[in-house]
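As structure tokens, the structure follows; a few thoughts come after it.
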Amino acid sequence: MLSVFPELFILSFFVPFILRVVLGVFFFLEGWSFFKERKDAFRKELPEKFGTLRTWAPLSVGAVEIGIGLFLIAGFLTQVAALLGLIAAVKFLVFRKAFPTLAPHTRLTYALLSTMLLSLLILGPGAFAIDLPL
């Protein structure tokens with residue numbers, strides 16, 4: 001079937017760029033929000049049996065989310081950041097019931113996030129990225 005707007009196909013190189021920036025902003029804002037608002041609540045959700053994990057786990061969750069976001073926004077190691085983000089999104093989806101402070105969004109949000117990260121992993125970084133194809 002013929003396309004209604006075939007002229008738009010020349011812009012297909014920018015689609016991964018848009019996905020990358022949107023996902024990067026999402027992860028950055030989630031990590032920032034985790035540091036500012038949800039860190040102490042998550043620490044209280046962790047059982048006492050985790051010991052020292054209660055101290056550094058909230059810091060590492062926020063730092064990893066901010067790191068993934070910055071890497072995606074910059075376009076540096078995009079496929080690695082997308083893979084780490086995919087692992088984080090699936091983990092948030094699985095642990096959503098046990099730790100609601102860790103994953104405050106709906107299951108549909110994390111499913112959509114996983115789909116977008118998987119497509120970014122397959123498509124590559126797109127335009128304006130620091131990544132170079134090997």
| Does the range 53-71 contain at least one residue that is over 28 Å from S12 (Cβ atoms), touching a helix residue (DSSP H, G or I) at 6+ places or on another chain (Cβ under 6 Å) and either without any contact (Cβ under 8 Å) to a residue 12 or more places away in the chain or surrounded by fewer than 17 Cβ atoms within 10 Å (Cβ to Cβ) (or both)? | yes
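If a residue counts only when it is under 15 Å from F26 (Cβ atoms), under 12 Å from the mean Cα position of the chain (by Cα) and among the small types (G, A, S), which helices (runs of 4 or more DSSP H) contained entirely in the range 53-134 have at least 3 such residues? Walk me through it before giving the result.
Values: elements: 53-74, 78-94, 107-123.
Answer list for the range 53-134: 53-74, 78-94.
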| field | Residue satisfying condition, being touching a residue at least 60 places away in the same chain (Cβ under 8 Å), part of a helix (DSSP H, G or I) and farther than 20 Å from A127 by Cβ, within set F17, F42 | value | F42
| Residue among R38, R43, R20 that is of a type in the set (K, R), within 16 Å of G85 (Cβ to Cβ) and touching a Ser or Thr at 6+ places or on another chain (Cβ under 9 Å) | R20
| Hey, any hits in the range 22-39 for a residue that's surrounded by 13 or more Cβ atoms within 10 Å (Cβ to Cβ), acidic (D, E), in a helix (DSSP H, G or I) and in contact with a helix residue (DSSP H, G or I) (Cβ under 7 Å, 6 or more places away or on another chain)? | yes
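Bear in mind these aren't lab numbers, they're just calculated from the coordinates by the rules spelled out. In this text, all values refer to a predicted model and were calculated from it rather than measured experimentally. Here the Cβ is made from the backbone with ideal geometry for all residues, glycine too, and neighbour counts use every protein chain on show.
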